[in-house]
1. Expressed as an acute angle from 0 to 90° and rounded to the nearest 10, what is the orientation of the C-alpha long axis of helix 556-574 relative to the principal long axis of the chain?
2. I need the calculated FRET efficiency for the pair residue 95 and residue 440, taking r as the beta carbon distance and R₀ as 41 Å, to the nearest 0.05.
3. Have a look at region 70-400 and give its Rg and Dmax from the Cα atoms, expressed in angstrom.
4. For a footprinting-style exposure proxy, rank 440, 564 by other Cβ within 10 Å, fewest first.
5. Return an integer: the convex hull volume of the alpha-carbon atoms of region 203-272, in Å³ per residue.
6. Binning at 10 angstrom from zero up to the longest distance, how are the C-alpha pair distances of region 419-597 distributed in percent?
7. Under Stokes-Einstein, with the Kirkwood radius over Cα pairs standing in for Rh, what whole-number D in µm²/s applies to region 27-141 at 25 °C and 0.890 mPa s?
8. Sorted by packing (mean other beta-carbon atoms within 10 Å per residue), highest first, where do 389-396, 485-492, 514-521 land?
């Protein structure tokens, strides 16, 4: 079968999906980041891997991925979706807590790194202005690699994760001015530089302001309308529309699409739909990020490494060394913790994906010689490939450093990690349960799939979120791993059983109390792993008996004790293994007692 046998784009799509199906399980099994798997796959399948042999063996062309502009454009959405998910994890309030890192350490790191790397670039004959912009491009790190590496190690909410994310966010904001600088340097026509700057950045500022204001007015009502339809497809379509639409607005204004998606994520982080959107978008993000890493791997020209190994490796090591030292001393200058500063300095030392964009644009504008540009691209790619290994070394090195006593404490992590009581269903029963939990000063998070109910609760300032509690991914985002208990109050028997089964599969030690329709339903819930099932019919009978006995003058203490004992007996009866009926102890005594008193 020849390459022309496939419709346009189908061959590359099949290769990528096959790669994803093989790489992710294999690298998870050997406990290595799938990021490396996608990068290596891109190198192997790219024009400088198997593609280099396609001229001699035409059949190999079927198994190669070339420089396809369409694939590269789609792959860039991986970073866009990643920034959107990061925005969902934050909010404007949480972002405000990181302002010292973003707008303090961020500019210092980028500015100092750009200056030092720019001076080094001048040693290769690069003009001063171009060298400074090149230094800024190399000062950026890879959000698409660093964040997944931290997420796999569950360290996004650690001090290292918060500092790294704050710096990455500022670096993403710095891309627009760097792109503007490249375009100005490449434009040799005369003109007022200040006027050009205003005309370039003004649309970007207007677009960001419009997104923030318009997003606050539109996004939540939009998802409320979509949620009422109870359609998974419509919810997915709305989520994709928001990401791509906001990205398109910022791209048209001169900023990157990732910034627009990040702003949309920040706005939606304030709503009750945050967790459901995150679960919906996560598969798209994973596939697109994988495609992004494959596309990065295809750009690695190994011939540059073999032809000039000293130059390429020297550029790679020099880049990592300079950025590490500059970032570490910048962080220590602002009295950041020593251990965190050292780990983040190494973690962000490799180059980033935006360096490819800036270097390629500078080369196209005849600002950089092509040999130096090709060597730089290979060196940057090598450092990106080494990021997971550098992260391991950085973490081990940081543990050996002494703790500084005069360090400024970093902002606290988000409160989503606290141990809460999860309440599934926020109807009349769920609200009463939430009131009782609050009365005993226990934090809770309620989950409901009715948009109107959730909206009323959110407007009242209550911790209620919209979502499907039968989905394991959603329950993980709600903090089931740290939850103190799960209370299921919904009345639909099938859904109750699914929620209990999902929760028990996630945590074997979790306390689960569920509402049951009757004794038969309660027995099924016990088989599913519930800790306690509360049948409506039995509880109604017990409550009626308690009220009647107290009204007839029986002491309340005796009545309550008997009610508790009877409840325990029913619980033991319903919790008996299938096929092994249990006769409660009190009933056995009641059976024996009449026989003993008979004359």
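Rule-based calculations on the coordinates, nothing more; no lab input. Bear in mind the structure is a predicted one, so any value in this text is a computation, not a measurement. All Cβ positions, even for glycine, are placed from backbone atoms using ideal geometry, and neighbour counts span all protein chains on display.
1. Rounded to the nearest ten degrees, it is 60.
2. In this case the efficiency is close to 0.80.
3. 19.8, 63
4. By the 10 Å Cβ count, ascending: 440, 564.
5. 68 Å³
6. 9, 31, 32, 18, 7, 2, 0
7. Once the numbers are plugged in, D ends up at 134 µm²/s.
8. 485-492, 514-521, 389-396
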